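**Q** Below: one structure in structure tokens.
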Amino acid sequence: MQKKKYKNIIGVVFSLVIFCCPLVSLGQNMDWKELQGKIDSAIAVSGIVQLKRNYRIDQPLVAARWTGKDYGYFTIQIIGKGTITALFNDAPALSIHKGKGVIVKGISFEGQYKSPVLSAQDFYNSNLGNYSNSGCRDSRYSPYAAIAIDPFMYQLPPDGGYPTLKQYYRGAKSVSGSTGIRVEDCSISGFTIGAITSPNGYTLNAEIISFVDMKLSDCRIGIAGNQPQEKMNRVINLKAVGTIHTLFAFGRYGKGHPGNWVIDGVKITGRMVNLIFRHTGKFFPMYMNNIQAESLGSIGEWQTGLSDALSNSTIRLVGWKEVGNLPDYVLTNGGVAMNNTTIQYIDSKQPLIFAGKSLDQAQYSNMDYKGNKPVYWTNFKQNPLKSKVNLKKGLPISKETIKLPGKAAVGDIVIFYEGNFFYQGCGMVISAEPGAYLVGKLSPGVYNGKSNWAGILL
């Protein structure tokens, strides 16, 4: 009798294991079903979705209105204090397609992206090409994101689009997109890109988009904009913590042509390699104001033929004492006006190198470098030189040191260029011998560049 009782207990436990385990997955699916249903219902009446609890979704949420032949405009508010955790890594947690006057407020978005664990040297020497995406989707027309505004078009984009959202690529060949989207008091963590506009590479608009009082952490890229008709897009009071490689990337995804953005009020307290990536020569400018940055590797790549500007900011950069080597530059390319801004290395006195094709020192006004000497290196233009050393073609350059002929003192900075003064990188004299000196702490551009070099001693 006793044995039979134990068998019954074991049978009950075994049944619970079998039938309870699937409920975990079922519960997650019900979270998505409930929240997607609320979004669909609210779109139908231009209503409000209120989040009163946390949701774990195993499918992406889509806010869009299908008319039967094409996407129509809609208005909706998604507000609350809950967290939406995306359990997938290949689609936006929330897509907003052709929204007009949409508000997303008070929501936390958490994804599956994990910042790679790297030493200071490996982190600050990395670029977006070799920085890990943690296995999360990072395709040009369909990257993993917390919020994607206008992700779809009438057909699949060249990269095939989001794998789980292929049915949403449909409708007429309309280029119209969203207007007046406001994302406010939201936090985003764990995505390839925190928020992105027009990744599909076809639609336009995505204008009057506002990101206000936001918090970003542990993303590969913070915010990305991608097409030239973007106008009056704003980022106001953004806090960046944790590890982010590049905070703003304009023109790397979708159509690849950035538009008009105004960024006012950014506080960076976490580790970050670059503040910005932006290349543009037409349409609309971008303005950055009141950037307060700590532990930043560089301002980044910022090339413009417009009136782009950085102003009223304090930027503190990590120096060679923390990283182990010199950086390639503070800012590459040019055309950007800077004024009323302090730029300094936190831990060392070393040159602040601004390098590119269209630098104009006259565009830098009321600047404070805190004793760090600014160096302006313009390609195709002879720069003031202290001395010049030509290197033999094919000379091996290690990642650690390079031996050059000549005479110099320990601590001197050597600039390396190739061809018609194409800047490649720099190094520091770490020992001086009769007739030769040893250059170390080489920046990545020196040993990644071409082998036919000339060295310039500043």
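**Q** At 0.36 nm per residue, and after removing the present C-alpha to C-alpha distance, how many nm does the segment from Thr67 to Lys282 gain when stretched out fully?
**A** 73.9 nm
**Q** Share of the range 36-145's accessible area from carbon and sulfur, percent, 1.4 Å?
**A** After summing per-atom areas, the C and S share lands at 46 percent.
**Q** Right, here's the next one. Pop out the carbon and sulfur fraction of the accessible area of the range 255-333 as a percent, whole number, probe 1.4 Å.
**A** Of the solvent-accessible surface of the range 255-333, carbon and sulfur hold 48 percent.
**Q** Assign unit charges at the C-beta atoms only (+1 for Lys and Arg, -1 for Asp and Glu), then state the dipole size of the chain relative to its Cα centre in Debye, rounded to the nearest 20.
**A** Approximately 840 debye in magnitude.
**Q** At 222 nm, what helix-only mean residue ellipticity would the chain give, in deg cm²/dmol to the nearest 500, using -39500 (n - 2.57) for each DSSP H run of four or more?
**A** When only DSSP H runs of four or more count, the value is -4000 deg cm²/dmol.
**Q** In this model, which of Lys114/Lys215; Lys349/Lys403; Lys52/Lys166; Lys349/Lys441; Lys282/Lys357; Lys98/Lys267 are farther than 20 Å apart at the alpha-carbon?
**A** Lys349/Lys403; Lys52/Lys166; Lys98/Lys267
**Q** Suppose a student asked you for the relative contact order of the range 205-359, using Cα pairs under 8 Å spaced at least 6 residues apart; what percent would you report? Write down the numbers at each step before the final one.
**A** Values: 455 pairs, mean separation 25.8, N = 155.
The value is 17 percent.
**Q** Next up: Please report the net charge: other residues with Cβ closer than 13 Å to the Cβ of Arg316, K and R +1, D and E -1.
**A** -1
**Q** I'd like to know which of Val183, Pro158, Cys219 lies farthest towards the positive end of the charge dipole of the range 150-238, counting +1 on Cβ of Lys and Arg and -1 on Cβ of Asp and Glu.
**A** The Cα lying farthest towards the positive end belongs to Pro158.
**Q** Express the accessible area of the range 118-232 per residue in Å², computed with a 1.4 Å probe while the remaining protein chains stay in the model.
**A** 31
**Q** Give me the dipole magnitude in Debye, nearest 20, for the range 177-312 about the Cα centre, with unit charges on the beta carbon: positive for Lys and Arg, negative for Asp and Glu.
**A** 200
**Q** In the chain, with Lys and Arg counted as +1 and Asp and Glu as -1 at Cβ, which of these residues, Thr378, Thr85, Ile299, has the Cα nearest the positive end of the dipole, that is, farthest along it?
**A** Thr85
**Q** Between Leu118 and Gln292, how many nm apart are label points set 7 Å from Cα along the C-beta direction?
**A** According to this spin-label approximation, the distance is 2.7 nm.
**Q** Accessible area per residue of the range 50-104 at 1.4 Å probe, in Å²?
**A** Numbers: 2140 Å² over 55 residues.
Solvent-accessible surface per residue comes out at 39 Å².
**Q** Positive end of the dipole of the range 202-277, charges at C-beta (+1 Lys, Arg; -1 Asp, Glu), about the Cα centre: which of Gly256, Ile208, Met272 has its Cα farthest in that direction?
**A** It is Met272.
**Q** I would also like to ask the following. So I have [x] 25.4, 90; [y] 42.7, 186; [z] 25.9, 99, and one of them is Rg and Dmax of the Cα atoms in Å calculated from this model. Which one is it?
**A** [z]
**Q** Taking the simple approach of a point 7 Å from Cα along Cα-to-Cβ for both Leu87 and Glu322, what is their distance in nm?
**A** So the two model labels end up 3.9 nm from each other.
**Q** Does anyone have the angle between helix 2-44 and the longest principal axis of the chain? Alpha-carbon axes, 0 to 90°, nearest 10?
**A** 70
**Q** Which value, in debye to the nearest 20, gives the size of the charge dipole of the range 133-196 about its Cα centre, when Lys and Arg are +1 and Asp and Glu are -1 at the Cβ?
**A** I would put it at about 300 debye.
**Q** Which percent, nearest 5, of DSSP beta bridges in the chain are antiparallel? Don't skip to the end; give the middle numbers.
**A** Values: 26 of 132 bridges.
Around 20 percent of the beta bridges assigned by DSSP in the chain are antiparallel ones.
The values are calculated or read from the model by the stated rules, or taken from the named source; none is laboratory data. Given the structure is predicted, the values throughout are model-derived calculations rather than measurements. Counting neighbours? That spans all protein chains shown, and the Cβs are built from the backbone with ideal geometry, glycine included. Each accessible area value is taken on the protein alone, full model and side chains, heavy atoms only, with ligands, DNA and RNA left out. Shrake-Rupley method; radii C 1.70, N 1.55, O 1.52, S 1.80 Å.
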